[in-house]
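Engineer: My questions all concern the structure below.
Throughout, read-outs are computed from the coordinates displayed, never taken from laboratory work. From a predicted model like this one, the values you see are computed outputs, not experimental measurements. Ideal geometry is used to build each Cβ from the backbone, glycine not excepted, and the neighbour counts take in all protein chains shown.
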Amino acid sequence: MSSDTELIRRALDAARLAGPDDVPIGAVVFGPDGTELARAANAREALGDPTAHAEILAIRAATGVLGDGWRLADCTLAVTVEPCTMCAGALVMARIGRLVFGAWEPKTGAVGSLWDVVRDRRLTHRPQVRGGVLAAECAAPLEEFFARHR
Ligand SMILES: [Zn+2]
């Protein structure tokens, strides 16, 4: 488990778990040693839950696996699309050490596009961030989804 590209490829695999009505976004949480703790796809429609974004579901599952209470210190979250404000807030709250994401999301992105929640200096925890990894590959499933649902 080395490169950020590999992490994003795993997140792309996770995106395929999305149901037919859900926007295909995938997230994977890796532990401090690089092992995969949990993966999830966006399931907002499938669960009827506005908070069921891929990042939130993966974070919830990963805390149970890591076993350090609610903390995911020194863990890495990889997600196919730039997180929204809710998910950016959640990964700060979880003390995620590092965030890697694929496509930029100019309409809702909270990691540099519209806001920059994770690097706000008023917060005491700020994860390391790398965005734009395999951006075109990560945007492709979204473009296909929206072309089908238009
Ligand atoms: Zn979100």
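Engineer: To the nearest 10 degrees, how steeply does helix 54-66 sit against the main Cα axis of the chain, on a 0 to 90 scale?
Structural biologist: Helix 54-66 and the main axis of the chain meet at about 40 degrees.
Engineer: What is the magnitude of the charge dipole of the chain about its Cα centre, with +1 placed on the Cβ of each Lys and Arg, -1 on the Cβ of each Asp and Glu, and no other charges, expressed in debye to the nearest 20?
Structural biologist: 380 debye
Engineer: Could you state the angle between the C-alpha long axis of helix 4-15 and the longest principal axis of the C-alpha atoms of the chain, as a value from 0 to 90 degrees rounded to the nearest 10?
Structural biologist: 50 degrees
Engineer: Which distance in Å, rounded to a whole number, links the C-alpha centroids of the range 1-29 and the range 45-119?
Structural biologist: Value for the Cα centre distance between the two parts: 13 Å.
Engineer: Work out the charge dipole of the chain with +1 on the Cβ of Lys and Arg and -1 on the Cβ of Asp and Glu about the Cα centre, then indicate which of Ala15, Gln128, Ala103 is farthest towards its positive end.
Structural biologist: Gln128
Engineer: As an exercise, take the mean of 1/r over every pair of distinct alpha carbons in the range 1-61, invert it, and state the Kirkwood radius in angstroms.
Structural biologist: Working: mean 1/r = 0.0870 Å⁻¹.
The Cα-based Kirkwood calculation yields 11.5 Å.
Engineer: Considering the convex hull of the alpha carbon atoms of the range 4-132, report its projected area averaged over all viewing directions, in nm², one decimal.
Structural biologist: 7.1 nm²
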